[in-house]
1. Tell me, what is the FRET efficiency for residue 32 and residue 126 to the nearest 0.05, using R0 = 30 angstrom and their Cβ-Cβ distance as r?
2. Which peptide among 18-28, 117-127 comes first, and what is the full order, when sorted by highest mean count of other Cβ atoms within 10 Å?
């Protein structure tokens, strides 16, 4: 699929996505695909690394795509909770296997499509576009509860 077919953003409105996944081959594959679709992509191998990127001044992240299950002191749910506290309004898309995700996702995520890995790339792009469009239409600090947080499970 070419970037034109995937609905690439125009050069003037390139959004920056942060892709967080400890599995290097999955992270590289989805990051490359998202770049082909016209996004700027920053990669992180852990939640801790993602927080470092998010805290750097001068880096504007428009959306975070995170795996649910990662090694280390924080998994995708903990990263999503950190983002909700420290950068409210930043959309988060969580992806992974549904084994432990349902109850935790109910607390953190708005209602959205349920997808699992391997990604259905067109559904992922459509969902990212929808979230980015919603974010541009709403002020950043208008997500008072988890159902409005911009965190969406793709499980």
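Readers should treat all values here as calculations from the given coordinates under stated rules, not as data from a laboratory. Everything numeric in this text was worked out from a predicted model, so none of it was measured. Note that we place each Cβ from the backbone using ideal geometry, even for glycine, and neighbour counts take in every protein chain shown.
1. Details: r = 19 Å, r/R0 = 0.62.
After rounding, the FRET efficiency stands at 0.95.
2. 18-28, 117-127
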